[in-house]
Every structure is written in C-alpha cells, then in structure tokens.
Amino acid sequence: MQVIVKRSDGRKPLVARFGGIPLKRQRFADLVDRKPSTRYTGSNELIHRLLAGQCEICGSRNGLQVHHIRKMADLNRPGRPEPSPWIRLMAQRRRKTLVVCHDCHWDIHRGRATVSTRR
C-alpha cells in the first residue's frame, strides 16, 4: 500500500509506504552480515562472586553452585520460626542468589540447618 502527496514548486512528492520492504526478489542484492556488538561493563556482581571461588555459607572451595529464589518475599513466609543463616544472609545482602557448595545447597533444599555464615 502506498500513499503519495503531491507538492507544489516542482519538488518531489512525499511517498509513504506500508511495510517498506518490497516483496519482489532481488537477485543481486548486497547482504552485509555485521558482528553483533557485545559490551561487558564489568558490573555483574554474581560473576564476581562466582570467580571468588568460595561458598558464601561455609567457605568451601569445591563444587560451587548458585542457589536462586523466585522473589525476596518468599524469605518472609508466615509461620516460619527462626530464619536460617542462608535466609538471613540473602535478606541482608538483598540478593536472590547465593553462591554455595554442593553440600550447603542440598542442606538448603532439604530444610536442614546450614553451618553458620562466615564473616
């Protein structure tokens, strides 16, 4: 679909096209593939915490994993008696992720008390 508005004084008419891409095949069209620009600002805290290579609960250096919660409001569920050390640590840092070793991660999911957090 195309709309043409004629102009006076010998100027070119204004042309508006719906779609803008001709549906006709162009056999000799030049295609230019550009590399996508990826910029790293270095401000990702999770990457720095992973590169530290240490469990944020017990200090272990092997089998690191990331524990993630859906939202911070899940930490303050009613009826929970005393918050675990990992819950206090996440609430204190205001982060939804925690870099932990394999054993601490399983303790969190099983509901067991984890080793108190290092300072």
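The values are calculated or read from the model by the stated rules, or taken from the named source; none is laboratory data. The model shown is predicted, which means the values in this text are computed figures rather than measured ones. Neighbour counts run over all protein chains shown; Cβ positions are idealised from the backbone, glycine included. Each accessible area value is taken on the protein alone, full model and side chains, heavy atoms only, with ligands, DNA and RNA left out. Shrake-Rupley method; radii C 1.70, N 1.55, O 1.52, S 1.80 Å.
Brief remarks follow.
- Using a 4.7 Å Cβ-Cβ cutoff, the cysteines of the chain lacking any partner cysteine are C58, C104.
- Net charge contributed by nearby residues that have their C-beta within less than 13 Å of R49 (K/R +1, D/E -1): +1
- Solvent exposure ordering (accessible area, 1.4 Å, most first) of R39, R110, R70: R39, R70, R110
- Sum of -39500 (n - 2.57) over DSSP H runs of 4+, divided by residues of the chain (222 nm, nearest 500): -5500 deg cm²/dmol
- Note on the chain: with a GNM built from Cα contacts shorter than 10 Å, the maximum mean-square fluctuation among A73, A16, A91 falls on A16.
- The residues of the chain expose on average 88 square angstrom of accessible surface per residue, using a 1.4 Å probe on protein heavy atoms.
- Each residue, K71 and V32, gets one label point 7 Å from its Cα in the Cβ direction; the gap between the two is 4.5 nm.
- Point-to-point label distance, S43-I4, nm (Cα→Cβ direction, 7 Å offset): 5.1 nm
- Note on L51: accessible area is roughly 140 Å² with a 1.4 Å probe, heavy atoms of protein only.
- Inter-site label distance for L51 and R94 at 7 Å from Cα along Cβ, in nm: 2.4 nm
- Among [x] 68; [y] 74; [z] 58, the entry that matches percent of Cα pairs over 16 Å apart as calculated here: [y]
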